[in-house]
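Peer 1: Please see the structure below; I have some questions.
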Amino acid sequence: MTTEIHATAAASGANATERFRENKKATASSSQERVNLLASRIVKAINDTVLEEKVTYDEYNAFKAWLIEVGEDGEWPLFLDVWVEHSVEQVANENREGTKGSIEGPYYVPDSPRLQSPATLPMRENEQGTPLLFQGRITDLAGQPLPGATVEIWHADDEGFYSQFAPGLPEWNLRGAVVADGNGYYQINTMQPAPYQIPTDGSCGQLIAAAGWHAWRPAHLHLKVSAPGHQLITSQLYFQGDEHVSDDIASAVKPELVLDPTPRADGRGREVTYDFVLDPE
Ligand code: MBD
Ligand code: FE
């Protein structure tokens, strides 16, 4: 069992690293002045911590060993997305007027199957969990519908596993790009995701245990919503009643992003309506 879990964490880290390299190839280059500013501030923050907290050689060497392991485990995407991305997202979206954004996290895969609304996400015949009908409207800031808008959605299964980052799942399980109808409405049939626990046997898990933190993110749907002439928004939605909504290890919950699904009239799981509002380009 331990080996199985270890293999999962390692594979997940390696996949996330590989994905990042593929997706984010074309990064803008910063000026020498900007690199100097940012690198100097980060190095200074570390040195200030060492001096103020009187860090010992034992602690310095433990830190060095841990950093080496993060790389070996392929957990840099996980570490950065859990502990740093939320601030980057806050800065990036501070002037948005429409739907609130949230972090992308390490498990996005582009080019998922394109589906016309109303859609059912690819899932196994015996997919476990509570069915969820997720629906709503995509409009501009003035409330005008945006026909042809697309809702890209990806999320964990009922056990907290993401396809392509855990073994044994079909390639596009619980991933899809759903095209809204002519009135900007989308309807997505999926399965309620489970809360997500960060792999406990990798270097991030070690840090969490050593610091006495917890490893949980609340259950969440990941989304990228777009429409021609409008800014793409990357966001996440959560579920009321989940204890980790107020205690997300990735600090990525905002009150506007918490859903409260209701039981469906036909008794088949739950449903919830959430409208997206996109800022102009
Ligand atoms: C996730 O599913 C996630 O969304 C983030 C941000 C980090 C780790 C796992
Ligand atoms: Fe996630």
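The values are calculated or read from the model by the stated rules, or taken from the named source; none is laboratory data. Since we're looking at a predicted model, the values are computed, not measured. Cβ placement follows ideal geometry from the backbone for every residue including glycine, while neighbour counts extend to all protein chains displayed. Just the protein is used for accessible areas: all its heavy atoms, side chains included, with ligands, DNA and RNA removed. Shrake-Rupley method; radii C 1.70, N 1.55, O 1.52, S 1.80 Å.
Peer 1: From the list SER251, SER235, pick out the single residue that is hydroxyl-bearing (Ser, Thr, Tyr) and in a strand (DSSP E or B).
Peer 2: SER235
Peer 1: Considering region 94-114 alone, what residues qualify as being away from ligand 1 (no atom under 16 Å from the Cβ), among the basic types (Lys, Arg) and either in a loop (DSSP other than H, G, I, E, B) or touching a Phe, Trp or Tyr at 6+ places or on another chain (Cβ under 6 Å) (or both)?
Peer 2: Within region 94-114, just ARG96 meets the criteria.
Peer 1: In this structure, is SER226 in contact with a Lys or Arg (Cβ under 7 Å, 6 or more places away or on another chain), closer than 18 Å to VAL151 by Cβ and buried (at least 16 other Cβ atoms within 10 Å of the Cβ)?
Peer 2: no
Peer 1: Can you pull out every residue in region 146-166 that is within 14 Å of ligand 2 (Cβ to nearest atom), assigned to a loop (DSSP other than H, G, I, E, B) and aliphatic (A, V, I, L, M)?
Peer 2: Those that are within 14 Å of ligand 2 (Cβ to nearest atom), assigned to a loop (DSSP other than H, G, I, E, B) and aliphatic (A, V, I, L, M): ALA156, ALA166.
Peer 1: Regarding region 179-196, can at least one residue be identified that is touching a Ser or Thr at 6+ places or on another chain (Cβ under 6 Å), aliphatic (A, V, I, L, M) and away from ligand 2 (no atom under 16 Å from the Cβ)?
Peer 2: yes
Peer 1: Here is a further query. Return yes or no: is ALA219 buried (at least 18 other Cβ atoms within 10 Å of the Cβ), within 15 Å of ligand 1 (Cβ to nearest atom), touching a residue at least 24 places away in the same chain (Cβ under 8 Å) and within 27 Å of THR273 (Cα to Cα)?
Peer 2: The answer is yes for ALA219.
Peer 1: Just for region 175-198: of the residues that are open to solvent by 20 Å² or more (accessible area, probe 1.4 Å) and either part of a loop (DSSP other than H, G, I, E, B) or touching a Lys or Arg at 6+ places or on another chain (Cβ under 6 Å) (or both), which one is nearest to ligand 1 (Cβ to nearest atom)?
Peer 2: If we take residues in region 175-198 being open to solvent by 20 Å² or more (accessible area, probe 1.4 Å) and either part of a loop (DSSP other than H, G, I, E, B) or touching a Lys or Arg at 6+ places or on another chain (Cβ under 6 Å) (or both), then TYR196 is nearest to ligand 1 (Cβ to nearest atom).
Peer 1: Here is a follow-up. With respect to the numbered conditions (1) under 21 Å from ASN93 (Cβ atoms); (2) within 16 Å of ligand 2 (Cβ to nearest atom); (3) touching a residue at least 60 places away in the same chain (Cβ under 8 Å), which one is the sole condition not fulfilled by GLN231?
Peer 2: The failed condition is (2).
Peer 1: Let me ask something additional. (1) open to solvent by 50 Å² or more (accessible area, probe 1.4 Å); (2) in contact (Cβ under 8 Å) with a residue 40 or more places away in the chain: which one isn't true of GLY101, the others all being true?
Peer 2: The failed condition is (1).
Peer 1: Return the only residue of ASP201, ASP260 being away from ligand 2 (no atom under 16 Å from the Cβ), within 25 Å of GLU159 (Cα to Cα) and in contact with a helix residue (DSSP H, G or I) (Cβ under 6 Å, 6 or more places away or on another chain).
Peer 2: ASP201
Peer 1: Give just the number: which of (1) more than 15 Å from ligand 2 (Cβ to nearest atom); (2) open to solvent by less than 40 Å² (accessible area, probe 1.4 Å) does GLU94 not satisfy?
Peer 2: (2)
Peer 1: Exactly one of (1) assigned to a strand (DSSP E or B); (2) more than 23 Å from PRO77 (Cβ to Cβ) is unmet by HIS222. Its number?
Peer 2: (2)
Peer 1: Shifting gears a bit: Would you pick out the residues in region 115-155 that are within 16 Å of ligand 1 (Cβ to nearest atom), closer than 25 Å to GLU281 by Cβ and open to solvent by less than 20 Å² (accessible area, probe 1.4 Å)?
Peer 2: ILE153, TRP154
Peer 1: Looking at region 66-85, can you tell me whether even one residue there is modelled with pLDDT of 95 or more, in contact with a strand residue (DSSP E or B) (Cβ under 6 Å, 6 or more places away or on another chain) and not β-branched (Val, Ile, Thr)?
Peer 2: So far as region 66-85 goes, no, none of its residues is modelled with pLDDT of 95 or more, in contact with a strand residue (DSSP E or B) (Cβ under 6 Å, 6 or more places away or on another chain) and not β-branched (Val, Ile, Thr).
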